[in-house]
Amino acid sequence: MIGGLLEWMVENRRTLRRIMYGVLALLVVLDILIPTGYGRFPWEGIGGFGAFYGFVSCVLIIVVSKALGYALLYRPEDYYDD
Amino acid sequence: MFEWLHPAFVLILGALIVPLLAGRMRQAYLLLLPVVSLLTIHSMSHGTFGTFQLLDMSLTLGRVDALAMVFAYVFGIMLVIGSIYALHLEEALQHVAAFVYAGSALGVVFAGDLVTLYVFWEAMAFSSVLLIWCRREPESWAAGWRYILVHAAGGVILLAGIVLYYAETGSIVFDAIENVGPAFYLILVGFMINAAVPPLHAWLSDAYPEATVTGAIFLSALTTKTAVYTLIRGYAGTEMLVWFGAVMAIYGVVYAVLANDIRRLLAYHIISQVGYMVAGVGMGTILALNGAASHAFTHILYKGLLFMGAGAVIYMTGRSKLTDLGGIYRYMPITFVLYMIGGFSISAFPLFSGFVSKTMVVEAAAADGRGIIWLMLSFASAGTFLHTGLKLPYFTFLGQDSGLRPREAPANMLIAMGLAAFLCIFIGVYPDPLYAILPAPVDYHAYTVGHVLWELQLLLFTGVGFFVLLKHVGGERKISLDTDWVYRRAAPVVIRGVVAAFRPVQTVVSGRTLLHMERFISRVFEYHGPDSILARTWPTGTTVFWVVVILMLYLLFYYL
């Protein structure tokens, strides 16, 4: 049953992706329209800041970590083997 | 019959019976004992029990209060789940080790004084290492040794702190630790090692991925969370922990990007998640401490679920690296879906358990006006979903087909994962029972429009970032250096260097010494050797002659 559902999701991934785009847009619109009720930090009043922060965080994490990896941290898998 | 039954002793003594049983009987017992211990925990009333005198010290085995009970409950629940997951194992040693380990963790949680705490603390280290060694691979053997050496060092630091603390304050009662100089910091460092606070964390990411499939479930639940408990009890409001915690949350995320082994990735996310708890302890407000305790509770369940999912994959495919896996969702669909529930929970999606606890810590930062900390913790949240919710499942279950055709995990594993998944959703949907057992009354609402919108945007747009950079986020056949490099690489090189540097000195010194020794021996030989003066056999007459000479001299001196 679960297998069938997953299979269906994979087959219809294009449609699901389009629905997801709609959800993403809707979230940002909602965040702009609905006041959150929090004003402790300046950014809490900015509609869609969560979307911006999430995307930027994700890209930063990947880029900075990979850069650290190549510049400094990555070693061959047998590095400690001798 | 008993006024008070300590669940630690139920488990530790109960564990000894496991090797005596076999087959179905043993399996029944493996299910029964954790349930009995959970009932024992549940039946305990608040108060102080099992106090006795040892030397001049008053020891308390059982200090039962709300804070202790939060941790005891979740340890008890996870032990039941973990035992179901490990039910197929025929090796008695692993079951015994897991029970003694869980019992010792409960011993720490209920310890009313630092000496009792220390004894159980050490028992945890020495029973848990067996769960690593039992994998019986050369890597596990080596990683286990490093694990136990770090914990032994941590134990010595903790003990030194306790002794100094006793000398300073005359008390070994375990409550908020007073800042009395070095003792305060020594105990703190001892606790921080077990909480895996960077740079003292490398034992965790080094050893957990090398543990047995089932052992890792217990490891992921117990050691770091008992340490979180001790920090809440002893070091609430210690400002520097706020920063340690926030840095820790991001540190684990960075290394999770670089990880290729699925359980190493999850191990780095233990460090990241414990960061939230440590930051909560540092803030020390009621909301923050409730947040730290509740996050420990939910964390144990979803992290156990994630480790069980990853363990099931390793158990069924024999592979543990993202680069060797992929496309197995068709063959292990139930494992995949259950894993994803853990992934959504750790990422703090609304309606999953992480949401009701993690947002509490983040909210505590907001209530304190700590903007930078708030941004750091939110940053780490994005990273959490990126790895445990997207990267790991995508490259393990979806992505490129690895050609693997594993069967679905065995029923006992699926049941255990199902139980954990149920609890993750239950707590997420209906957090009131969890909030009811927290150390302080909870005045917090997770499900505000602001929280839900913020969290959904943060997470879903993290997902956008993931798919944009999909080509760059997969695992690579590499390992990444961490602070364990210090004792795996640097220390041996330094010691070899020191030995090499002293070799000429040693040659000279030992050469001279040998020369002198030889001269000395030859001189001794000259007088005492077989043909030497002192070894000759002298005729009796000569002896008598010399005796007479000596006697005459004696007489002469007497008259003088």
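Is it the case that some residue within segment B:276-283 is within 30 Å of residue B:319 (Cα to Cα) and crowded, with 24+ Cβ neighbours inside 10 Å? If you could, list the steps in order and put the result at the bottom.
Let us first name the residues in segment B:276-283 that are within 30 Å of residue B:319 (Cα to Cα), namely none.
No, segment B:276-283 contains no residue that is within 30 Å of residue B:319 (Cα to Cα) and crowded, with 24+ Cβ neighbours inside 10 Å.
Taking residue B:172 as the residue in question, decide whether it is at negative phi and at pLDDT 95 or above.
Details: at negative phi: yes; at pLDDT 95 or above: no.
Against the criterion (at negative phi and at pLDDT 95 or above), residue B:172 does not qualify.
Could you tell me which of the residues B:385, B:426 is within 14 Å of residue B:349 (Cα to Cα), in the same structural domain as residue B:455 (by TED's automatic domain parsing), open to solvent by less than 30 Å² (accessible area, probe 1.4 Å) and of a type in the set (Phe, Trp, Tyr)?
Numbers: B:426 fails: open to solvent by less than 30 Å² (accessible area, probe 1.4 Å).
Of the residues listed, the single one that is within 14 Å of residue B:349 (Cα to Cα), in the same structural domain as residue B:455 (by TED's automatic domain parsing), open to solvent by less than 30 Å² (accessible area, probe 1.4 Å) and of a type in the set (Phe, Trp, Tyr) is B:385.
The lone criterion from (1) in a helix (DSSP H, G or I); (2) open to solvent by 10 Å² or more (accessible area, probe 1.4 Å); (3) more than 12 Å from chain A (Cβ to nearest Cβ) left unmet by residue B:351 is number (1).
Which residue out of B:189, B:173 is open to solvent by 10 Å² or more (accessible area, probe 1.4 Å), under 22 Å from residue B:115 (Cα atoms) and within 15 Å of the chain's Cα centre (by Cα)? Spell out how you get there, then give the answer.
Working: B:173 fails: within 15 Å of the chain's Cα centre (by Cα).
One residue alone meets the criteria, B:189.
Does residue B:459 qualify as being in contact (Cβ under 8 Å) with a residue 24 or more places away in the chain, under 30 Å from residue A:45 (Cβ atoms) and touching a helix residue (DSSP H, G or I) at 6+ places or on another chain (Cβ under 9 Å)? Before the answer, list the steps.
Numbers: in contact (Cβ under 8 Å) with a residue 24 or more places away in the chain: yes; under 30 Å from residue A:45 (Cβ atoms): yes; touching a helix residue (DSSP H, G or I) at 6+ places or on another chain (Cβ under 9 Å): yes.
Answer is yes for this residue.
Here's the yes/no breakdown for (1) within 25 Å of residue B:410 (Cα to Cα); (2) out of contact with any His (no Cβ under 7 Å at 6 or more places or on another chain); (3) outside any helix (DSSP H, G or I); (4) open to solvent by 10 Å² or more (accessible area, probe 1.4 Å):
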site: B:213; (1), (2), (3), (4): yes, yes, yes, yes
site: B:217; (1), (2), (3), (4): yes, yes, no, no
site: B:224; (1), (2), (3), (4): no, yes, no, no
site: B:227; (1), (2), (3), (4): no, yes, no, no
site: B:230; (1), (2), (3), (4): no, yes, no, no
site: B:243; (1), (2), (3), (4): no, yes, no, yes
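Here is the figure for segment B:444-464: residues that are surrounded by fewer than 24 Cβ atoms within 10 Å (Cβ to Cβ), more than 7 Å from chain A (Cβ to nearest Cβ) and part of a helix (DSSP H, G or I) total 3.
So for segment B:478-494 (the condition being in contact with a Phe, Trp or Tyr (Cβ under 7 Å, 6 or more places away or on another chain), closer than 30 Å to residue B:397 by Cβ, of a type in the set (Gly, Ala, Ser) and within 12 Å of another protein chain (Cβ to nearest Cβ)), does at least one residue qualify? So far as segment B:478-494 goes, yes, one or more of its residues are in contact with a Phe, Trp or Tyr (Cβ under 7 Å, 6 or more places away or on another chain), closer than 30 Å to residue B:397 by Cβ, of a type in the set (Gly, Ala, Ser) and within 12 Å of another protein chain (Cβ to nearest Cβ).
Considering B:314, B:271, which residue is among the β-branched types (Val, Ile, Thr), in the same structural domain as residue B:391 (by TED's automatic domain parsing) and either part of a loop (DSSP other than H, G, I, E, B) or under 27 Å from residue B:174 (Cβ atoms) (or both)?
Numbers: B:314 fails: either part of a loop (DSSP other than H, G, I, E, B) or under 27 Å from residue B:174 (Cβ atoms) (or both).
On inspection, the qualifying residue turns out to be B:271.
Could you tell me whether any residue of segment A:10-26 is surrounded by 13 or more Cβ atoms within 10 Å (Cβ to Cβ), among the acidic types (Asp, Glu) and free of Cβ contacts under 8 Å to residues at least 24 places away in the same chain? No; the residues of segment A:10-26 include none that is surrounded by 13 or more Cβ atoms within 10 Å (Cβ to Cβ), among the acidic types (Asp, Glu) and free of Cβ contacts under 8 Å to residues at least 24 places away in the same chain. Within segment B:307-320, does at least one residue satisfy the condition of being within 14 Å of another protein chain (Cβ to nearest Cβ), open to solvent by 20 Å² or more (accessible area, probe 1.4 Å) and in contact with a strand residue (DSSP E or B) (Cβ under 9 Å, 6 or more places away or on another chain)? Yes - at least one qualifying residue is present in segment B:307-320.
Select from segment B:470-499 the residues that are of a type in the set (Val, Ile, Thr) and open to solvent by 60 Å² or more (accessible area, probe 1.4 Å) and write down the one among them that is farthest from residue B:199 (Cα to Cα).
Narrowing segment B:470-499 to residues of a type in the set (Val, Ile, Thr): B:473, B:479, B:483, B:486, B:493-495, B:498-499.
After this cut, where a residue has to be open to solvent by 60 Å² or more (accessible area, probe 1.4 Å) as well, the list is B:486, B:493-495, B:498-499.
Details: B:486: 10, B:493: 20, B:494: 20, B:495: 22, B:498: 25, B:499: 28 Å.
Of everything passing the filter in segment B:470-499, B:499 is farthest from residue B:199 (Cα to Cα).
Between A:61, A:46, A:34, which is open to solvent by 50 Å² or more (accessible area, probe 1.4 Å), within 17 Å of residue B:457 (Cβ to Cβ), among the β-branched types (Val, Ile, Thr) and at the interface with another protein chain (Cβ under 7 Å from one of its Cβ atoms)? Explain how you work it out, then say what you get.
Working: A:61 fails: open to solvent by 50 Å² or more (accessible area, probe 1.4 Å); A:46 fails: at the interface with another protein chain (Cβ under 7 Å from one of its Cβ atoms).
After applying the criteria, what remains is A:34.
Against the conditions (1) open to solvent by 40 Å² or more (accessible area, probe 1.4 Å); (2) within 8 Å of chain B (Cβ to nearest Cβ); (3) within 30 Å of residue B:490 (Cα to Cα), residue A:78 satisfies every one except (2). The residues listed here are B:356, B:281; of these, the one that is part of a helix (DSSP H, G or I) and closer than 27 Å to residue B:453 by Cβ is B:356.
Mind checking which residues of segment B:1-52 are assigned to a loop (DSSP other than H, G, I, E, B) and open to solvent by 50 Å² or more (accessible area, probe 1.4 Å)?
Across segment B:1-52, the qualifying residues are B:1, B:2, B:3, B:5, B:16, B:17, B:22, B:45, B:46.
Could we say that residue B:440 is surrounded by fewer than 19 Cβ atoms within 10 Å (Cβ to Cβ), among the small types (Gly, Ala, Ser) and in contact (Cβ under 8 Å) with a residue 24 or more places away in the chain here?
Values: surrounded by fewer than 19 Cβ atoms within 10 Å (Cβ to Cβ): yes; among the small types (Gly, Ala, Ser): yes; in contact (Cβ under 8 Å) with a residue 24 or more places away in the chain: yes.
Considered against the rule, which asks whether it is surrounded by fewer than 19 Cβ atoms within 10 Å (Cβ to Cβ), among the small types (Gly, Ala, Ser) and in contact (Cβ under 8 Å) with a residue 24 or more places away in the chain, residue B:440 comes out as yes.
Between B:185, B:147, the distinction of being aromatic (Phe, Trp, Tyr), in contact (Cβ under 8 Å) with a residue 12 or more places away in the chain and within 21 Å of residue B:488 (Cα to Cα) belongs to B:147 only. In segment B:405-429, the residues that are of a type in the set (Val, Ile, Thr) reach residues that are part of a loop (DSSP other than H, G, I, E, B) with C-beta atoms within less than 8 angstrom, at least six apart or across chains, in these pairs: B:425/B:351; B:425/B:352; B:429/B:351.
The values are calculated or read from the model by the stated rules, or taken from the named source; none is laboratory data. It should be emphasised that the depicted structure is a prediction, and the values quoted were computed from it without experimental measurement. For neighbour counting, all protein chains shown are included, and Cβ atoms are generated from backbone atoms with ideal geometry for every residue, glycine included. These accessible areas exclude ligands, DNA and RNA; they are computed on the full protein's heavy atoms, side chains included. Shrake-Rupley method; radii C 1.70, N 1.55, O 1.52, S 1.80 Å.
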